[in-house]
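Worksheet for the structure shown next.
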Amino acid sequence: MFPLERPRRWRRTPALRRLVAETSLEPRHLVLPVFVREGASEPVPIASMPGVVQHDLDSLRRAAVAAVDAGIGGLMLFGVPERRDARGSGGADPDGILNVALRALAEEVGDATVLMADTCLDEFTDHGHCGLLTPDGVVDNDATLEAYGEMAVAQAEAGAHVVGPSGMMDGQVEVIRQALDAAGHEQTAVLAYSAKYTSAFYGPFRDAVESQLTGDRNTYQQDPANGREALREVRLDLAEGADAVMVKPAMSYLDVVRQVAEISEVPVAAYQVSGEYAMVEAAVANGWLDRRRTVLETLTSVRRAGADLVLTYWAVEAAQWLRPSS
Ligand code: PBG
């Protein structure tokens, strides 16, 4: 009889396929990034991210309750301030929008979900860079570290369970860890954006946070050409005390996710970024892709590559699709 090997035996019925599925995708694996806009009195749509909004504080609370109901893993908060300055001082200000929003959500949902905050200055600086600038306009690594430490402490104080340094400064995890510990927040976890690439796929996000950036981030974010360098970044972050490491973006970097998963002793996250969302939504709007199948396939592929957690703008919707009844 030919052929001897028949892999199709396991594909014959839904039950057979379910039995041998290697990768699972569950609501708890998904983290929803959310934007909150200072001074907003209603949600403001983001043109390049159809279906995603800048929240006002009330709609943010409702979104958090919906996230809890959907059983997703957590929320990652980004702030859109009304005023910006050269030092990004709104980030560490307890009355800055991100910290106000964290307090609102800590009050609204408490420990029912995991509250994470983006620990980066770019939303708060008038030049749009992730760090402080020298007089010549270069991002000053070490001066920035101090600002990150203060921001992380403010976020922990406002109720973040997890802080997420995303600025790709050398030494950021260690400085943040020390600052948190010194302020009595030794239980606040650090999710390090360890391998964050300089990517065209962040385009819609920059609309979402009304980024003031005119240049690029090539002196601090990683070159898309480099894979080995990502492992170096991960090793450094682990040595500095990262509680979880992240690769970002996801879909064009699945090889990196895989390699990081192989060496990491802590949970691995991957961030399916704004451009990945926009790309699929645009094709769906044209009738070119099936929305639900495409979204679930992208998320499954990120899990298959080795990510424990996936940050995705589809988190709540995907979680609803993943319910046994639907
Ligand atoms: C920086 C930050 C960025 C994103 C998350 N954190 C943008 C950037 O580096 O320019 C992008 C997220 C996305 O595109 O969805 N604080």
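So here's what we get for this one:
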| quantity | calculated |
| --- | --- |
| Pick from region 205-228, criterion polar (S, T, N, Q) and near the ligand (Cβ under 7 Å from one of its atoms), ranking: farthest from VAL139 (Cα to Cα) | SER211 |
| Criterion: surrounded by 23 or more Cβ atoms within 10 Å (Cβ to Cβ), in contact with a helix residue (DSSP H, G or I) (Cβ under 7 Å, 6 or more places away or on another chain) and at pLDDT 95 or above - qualifying residue of ALA104, ALA152 | ALA152 |
| The lone exception for GLU262 - which of (1) within 15 Å of the ligand (Cβ to nearest atom); (2) part of a helix (DSSP H, G or I) it fails | (1) |
| Qualifying residue in region 232-243 (condition: under 19 Å from GLY203 (Cβ atoms), in a loop (DSSP other than H, G, I, E, B) and not hydroxyl-bearing (Ser, Thr, Tyr)) | no |
| Single unsatisfied condition, TYR220 versus (1) assigned to a helix (DSSP H, G or I); (2) more than 27 Å from VAL53 (Cβ to Cβ); (3) not acidic (Asp, Glu) | (1) |
| Test: residue in region 301-308 that is surrounded by fewer than 18 Cβ atoms within 10 Å (Cβ to Cβ), farther than 21 Å from TYR202 by Cα and not aromatic (Phe, Trp, Tyr) | yes |
| Conditions (1) among the basic types (Lys, Arg); (2) within 15 Å of ALA242 (Cβ to Cβ); (3) not in a helix (DSSP H, G or I): number failed by ARG87 | (2) |
| Flag if ASP308 is within 16 Å of the ligand (Cβ to nearest atom) and not polar (S, T, N, Q) | no |
| Test: GLY110 is at positive phi, free of Cβ contacts under 8 Å to residues at least 24 places away in the same chain and either surrounded by fewer than 23 Cβ atoms within 10 Å (Cβ to Cβ) or within 15 Å of the ligand (Cβ to nearest atom) (or both) | yes |
| Of all residues in region 186-204 being assigned to a loop (DSSP other than H, G, I, E, B) and in contact with a strand residue (DSSP E or B) (Cβ under 9 Å, 6 or more places away or on another chain), the one that is farthest from the ligand (Cβ to nearest atom) | THR188 |
| Unique match (being within 15 Å of the ligand (Cβ to nearest atom), of a type outside the set (D, E, K, R), within 25 Å of GLU210 (Cα to Cα) and part of a loop (DSSP other than H, G, I, E, B)) among GLY137, GLY128 | GLY128 |
| Yes/no for ALA318 being touching a strand residue (DSSP E or B) at 6+ places or on another chain (Cβ under 8 Å) and either crowded, with 22+ Cβ neighbours inside 10 Å or among the small types (Gly, Ala, Ser) (or both) | yes |
| Pairs with Cβ under 6 Å, 6+ apart, first in region 195-221 and at pLDDT 95 or above, second among the basic types (Lys, Arg) and near the ligand (Cβ under 10 Å from one of its atoms) | LYS196/LYS248; THR198/ARG217; GLN221/LYS196 |
| The listed residue being part of a loop (DSSP other than H, G, I, E, B) and either hydrophobic (A, V, I, L, M, F, W, C) or farther than 28 Å from LEU30 by Cα (or both), out of MET151, MET168 | MET168 |
| Where ALA261 falls short, out of the listed (1) within 16 Å of the chain's Cα centre (by Cα); (2) under 19 Å from VAL31 (Cβ atoms) | (1) |
| Residue check, ARG83 away from the ligand (no atom under 14 Å from the Cβ), touching an Asp or Glu at 6+ places or on another chain (Cβ under 9 Å) and closer than 22 Å to LEU132 by Cβ | yes |
| Test: GLU157 is assigned to a helix (DSSP H, G or I) and touching a residue at least 60 places away in the same chain (Cβ under 8 Å) | yes |
| Residue tally, condition more than 17 Å from ALA106 (Cβ to Cβ) and within 14 Å of the ligand (Cβ to nearest atom), over region 152-175 | 6 |
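The values are calculated or read from the model by the stated rules, or taken from the named source; none is laboratory data. Note that the structure is a prediction, hence the values are computed from the model and not measured. Every residue, glycine as well, gets a Cβ built from its backbone with ideal geometry; the counts of neighbours run over all protein chains shown.
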